[in-house]
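Enquirer: Pasting in a structure now, in structure tokens, and then I'll have a few things to ask.
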There are 2 protein chains.
Amino acid sequence: MFIRKDGSTVMEKKLLKEQSAAELGALLRQTQAAYDAFQAKKLSLNMARGKPGPEQLDLTMPMLNTLAADSDMISESGDDTRNYGVLAGIAEAKKLFADILGAKPEEMFVAGNSSLELMFACLQIAYVKGIAGCTPWSRLDKVKFLCPVPGYDRHFALTEYFGVEMITVPTDENGPDMAVVKQYVENDAAVKGIWCVPIYANPSGIVYSDDTVRAFAALKPAAKDFRIFWDNAYCIHHLTENPKKPLTINQACAEAGSEGIFYQFVSTSKVTFPGAGVAAFNTSKANLDELCKHLGIQTIGFDKINQLRHVRFFGNADNMRAHMEKHRAVLAPKFAVVLDTLEKEIAPLGIASWTKPEGGYFVSFNAPKGTAKRIVQLCKEGGVTLTGAGATYPYKNDPDDSNIRIAPTYPSVSELTQAMELFCICVKLAALEQLVN
Amino acid sequence: MFIRKDGSTVMEKKLLKEQSAAELGALLRQTQAAYDAFQAKKLSLNMARGKPGPEQLDLTMPMLNTLAADSDMISESGDDTRNYGVLAGIAEAKKLFADILGAKPEEMFVAGNSSLELMFACLQIAYVKGIAGCTPWSRLDKVKFLCPVPGYDRHFALTEYFGVEMITVPTDENGPDMAVVKQYVENDAAVKGIWCVPIYANPSGIVYSDDTVRAFAALKPAAKDFRIFWDNAYCIHHLTENPKKPLTINQACAEAGSEGIFYQFVSTSKVTFPGAGVAAFNTSKANLDELCKHLGIQTIGFDKINQLRHVRFFGNADNMRAHMEKHRAVLAPKFAVVLDTLEKEIAPLGIASWTKPEGGYFVSFNAPKGTAKRIVQLCKEGGVTLTGAGATYPYKNDPDDSNIRIAPTYPSVSELTQAMELFCICVKLAALEQLVN
């Protein structure tokens, strides 16, 4: 501990493992005092979900002017977007999403406001009716899904809903461990799918390498109804000026001749409005035809007016990408606050690691083993709600109690600065409690 | 057959059963000639579905001006409609639909663009997870639903999807035969539900009598997870100036203490835009809480901006009812064409019966037994597509091959006039073919 000229103290920054018991004890008291001071501020901030902030939502407000009382409401294919019909979405929306993904328009299905809803529908159809001529999952003793970790809690909730056994797969900076994936997928016919967020993964922010994508395309599943659930939620959500251009699953599978192996999901939830955007779905024509037969039972169709509103607003994929630059201008400084604060406050202590994403909505933080729950609890009691510890693992069970998803997008920069200060205090406090007690 | 002064002939209008074989033979040739003349016109009209016509869609175009780039997007409950959250819908939308139905706002769930999607969700939850502590339907040997006939083909498709055995229940002008309903519901625990369209039923247009509604509320189901699927799709879709005010299921069940027995569905599909309207759902708070737990897995939330757009456009339930007067002005003349043509062309022959609805979207036509399929085929070959014969029965199986759903809303009055002329020719032709051959 240093004593400043004004008499205040500064916490020392050196590796915790190199500090003596006395030093650690002093640091614990010091950190506890800093925590108590924070609690007295009675903050109430929420960093639990990957929600865009209000200034991002403002970016899309002009879209509400796109359609008005005197607008032409007929789609390019001649359909009245105001009436029933056109289950798979209007032609110009299919083209827009196809361009974004690098897919074929005839392999697109443009739907309602939620890609999660589409993932649910794909699982439900396999569960209730079966796909590709296979037995419905509801009639099988055991259905398994691979879950690269850390991953997205809502994915895991979907598979848990259908009683699917979830098997964790480790990931590194190139994506899931493909040797493990291949071993399961090619040898166990009970393995029916895998959850993937290939670009700026939730929560790690990593981008699957081209080799990883090729390895996915090369899989020879034991189960005919195995599908890769390729949730491309952040495909154009860059935080850097010159983003990577990863290999698409479409190209990789076209080259491998395995077009039917994936279901790809995308949405404008974090492009336009979360909850009032447009979600879309991409797979082989044969898969699409099969799914449409079932989807046509549960709905007459999706909101084509909102599809038209989006297409008229953007015009084309390049304009949508340009719109994402505006999001980047809002978000990049927020990610900088997170990374700078961690670098300054935690890095010198040598107790934790975290990802430095070039896109997406999250930073994945690995706290000292056995402290994640405690950190989240401390933050909550200090006025900042984080994603629950364990949420990034199936069954909310992080065996190391280490991973925490940091979601910096919703708070303002000044709120986030405070929240990250508190977060770092809580990380230190939890680490010190563990070391000292 | 009369011969006019100009030499043209007029078909005689007397009861077919009173005509001689020679008269019938002549009438058949005459009708065949009329049919051939129609075919030569090469019409292409579609009366298959209950679709609003373009002039009805125009009525709602001003709604697209309701929200613009400078609009306040915060709901009355303080939620930003542009962001995630608020699964059960915004407060003002709950109030609007509650007022329309005579329900409590806290018992409303306001969702996306499709009430069919909500019905599907209710079935899916019972099938996959089970409700009210009961065994999921997927684990039962037999699940049954009662299906008042004639009924709505999309309802039947939903229950068929889940492998539910459908049992037909006869209906009259007061609704389903409640003695039959009671017998099944109170004695067979495999009976889990019944499909109802209580106001201007699809396709008969009948309104359930207050006694019928009370009999529903008084049911003591053998199955704890029995629910009345009360599809109030046409609750404000009147064709007369002074519509009936039927007893609501809400009031009847409140009086009987059976609030949890029904799921009620409603939407603006035929108030604003089909496919871009807002659907809502009403049931007891306990049922709603249970369903929300499950719905929250499959979606983060529905399109709240479209909910806000609707609420801001209408302001209140009275204004929505006033909006329906504009629809009536468009639709009443179309129903008049149908009923007048049937009255003039078919009534004198004594071969068929039909309903004279005071609201809704359909006329239910009962052709001579064994001729419905033939009539639909003749119409199709003559250029007018009708709803498939049998569609109004479970498994598309009308045992009498008699019922045809007439959907007069989509064509213009002049198209409809032609279509109904053809329809009557086809009815006569099919009846005569049967009598003569």
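A short reminder: the numbers here are calculations on the coordinates, not readings from a lab. None of these values were measured; they are calculated from a predicted model. Cβ: placed from backbone, ideal geometry, glycine included. Neighbour counts: every protein chain shown.
Enquirer: Once label points are set 7 Å from the Cα along Cα→Cβ at both A:A21 and A:A222, what is their separation, rounded to one decimal in nm?
Expert: Taking the two extended label points, one gets 5.3 nm.
Enquirer: Shape of the range B:73-315 from its Cα gyration tensor (a ≥ b ≥ c, root eigenvalues): rounded if a/c is under 1.5, otherwise prolate when a/b > b/c, or oblate?
Expert: oblate
Enquirer: Continuing with this model, one more query. Suppose every Lys and Arg Cβ carries +1 and every Asp and Glu Cβ carries -1, with no other charges. What dipole size does the range A:80-182 come out with about its Cα centre, to the nearest 20 debye?
Expert: In total the dipole reaches around 380 debye.
Enquirer: Cα centroid distance between the range B:120-166 and the range B:283-341, in Å?
Expert: 24 Å
Enquirer: What FRET efficiency, computed as 1/(1 + (r/R0)^6) with R0 = 51 Å and r the Cβ-Cβ distance, is obtained for A:K285 and B:K326, rounded to the nearest 0.05?
Expert: 0.75
Enquirer: At 7 Å along Cα-to-Cβ for each site, give me the label-to-label distance between B:V413 and B:V180 in nm.
Expert: Here the answer is 3.9 nm between the modelled labels.
Enquirer: State the residue of chain A whose Cβ is nearest the axis carrying A onto B, and the distance in whole angstrom.
Expert: Looking at chain A's Cβ atoms against the axis toward B, the nearest is A:S138, 2.
Enquirer: Still on this structure, I have one more. Of the options B:F162, B:N83, B:W137, report the single residue whose Cα projects farthest towards the positive end of the charge dipole of chain B (beta-carbon charges: Lys, Arg +1; Asp, Glu -1).
Expert: B:F162
Enquirer: Continuing with this model, one more query. Need one value for B:427-435: mean number of C-beta atoms belonging to other chains within 10 Å of its residues' C-beta atoms.
Expert: Rounded to a whole number, the mean comes out at 0.
Enquirer: Quick check for me: using +1 on Lys/Arg Cβ and -1 on Asp/Glu Cβ, what's the dipole size of the range B:73-315 about its Cα centre, in debye to the nearest 20?
Expert: 380 debye
Enquirer: Moving on. Can you figure out the FRET efficiency of A:I74 with A:E433, using R₀ = 56 Å and their beta-carbon distance, to the nearest 0.05?
Expert: Efficiency, from the Cβ-Cβ distance: 0.30.
Enquirer: Before anything else, pin down the relative contact order of chain A: Cα pairs under 8 Å, at least 6 apart, normalised by residue count, whole percent.
Expert: Computed value for chain A: 25 percent relative contact order.
Enquirer: Which distances, shortest first and in nm, link B:T417 to the matching position in the other copies, using label points set 7 Å out along Cα to C-beta?
Expert: Those separations, rounded to one decimal, come out as 7.5 nm.
Enquirer: Determine the shielding of peptide B:293-303 by partner chains: average, over its residues, the number of Cβ atoms on other chains within 10 angstrom of each Cβ.
Expert: Shielding by partners across B:293-303 averages 6.
Enquirer: Would you check the range B:285-437 for Lys pairs whose C-alpha atoms are within less than 17 Å, ignoring same-chain pairs closer than 8 in sequence, and give me the count?
Expert: 11
Enquirer: Further question on the same structure: Find the centroid of the Cα atoms in the range B:363-432 and in the range B:228-276, then give the distance between the two in whole Å.
Expert: Each part's Cα centre sits 28 Å from the other's.
Enquirer: Another question, then. Where in chain B are the DSSP H helices whose C-alpha atoms run 18 Å or more along the long axis and whose mean Kyte hydropathy is at least 0.0?
Expert: The qualifying helices are B:21-40, B:115-128, B:413-436.
Enquirer: Distance between Cα centroids, the range B:102-119 to the range A:59-119: provide it in whole Å.
Expert: Answer, in whole Å: 24.
Enquirer: Could you tell me whether the range B:38-175 comes out rounded, prolate or oblate from its Cα gyration tensor? Rule is a ≥ b ≥ c as square roots of the eigenvalues, rounded for a/c under 1.5, then prolate if a/b exceeds b/c, otherwise oblate.
Expert: oblate
Enquirer: Can you list, shortest first in nanometers, how far B:E241 lies from the same residue in the other copies, with each label 7 Å from Cα toward Cβ?
Expert: Relative to the other copies, B:E241 has label-point distances of 7.3 nm.
Enquirer: Suppose only helical runs count, i.e. DSSP H with n ≥ 4. What mean residue ellipticity at 222 nm does that imply for chain B under -39500 (n - 2.57) per run, divided by all residues and rounded to the nearest 500 deg cm²/dmol?
Expert: Computed mean residue ellipticity for chain B: -13000 deg cm²/dmol.
Enquirer: If you don't mind, another one. For label points placed 7 Å from Cα toward Cβ, what is the shortest-first list of nm distances from A:D36 to its copies?
Expert: 10.5
Enquirer: Output the Kirkwood hydrodynamic radius of chain B, Cα pairs only, in Å rounded to one decimal.
Expert: When all Cα pairs of chain B are included, the Kirkwood radius is 23.2 Å.
Enquirer: Using the Cα centre as the reference, give the magnitude of the dipole from point charges on the C-beta atoms of chain B (Lys, Arg: +1; Asp, Glu: -1; all else neutral), rounded to the nearest 20 debye.
Expert: About 660 debye.
Enquirer: What does a probe at B:A132 reach in the range B:251-269, counting residues whose amide N is under 14 Å from the point 7 Å along Cα→Cβ?
Expert: Residues B:257-264 qualify, since their backbone N sits under 14 Å from the label point.
Enquirer: Semi-axes of the equivalent ellipsoid of the protein assembly as shown: what are they in whole Å, largest first, if each equals the square root of 5 times a C-alpha gyration tensor eigenvalue?
Expert: Over the Cα atoms of the protein assembly as shown, the ellipsoid semi-axes are 58, 27, 26 Å.
Enquirer: Quick one: which of B:76-85, B:388-397 comes out on top by average Cβ neighbours within 10 Å, and what's the full order, highest first?
Expert: Taking the mean over residues of other Cβ atoms within 10 Å, the ranking is B:388-397, B:76-85.
Enquirer: Using a basic spin-label model with each label point 7 Å from the Cα along Cα→Cβ, how many nm lie between B:N397 and B:D340?
Expert: Output for this residue pair reads 4.2 nm.
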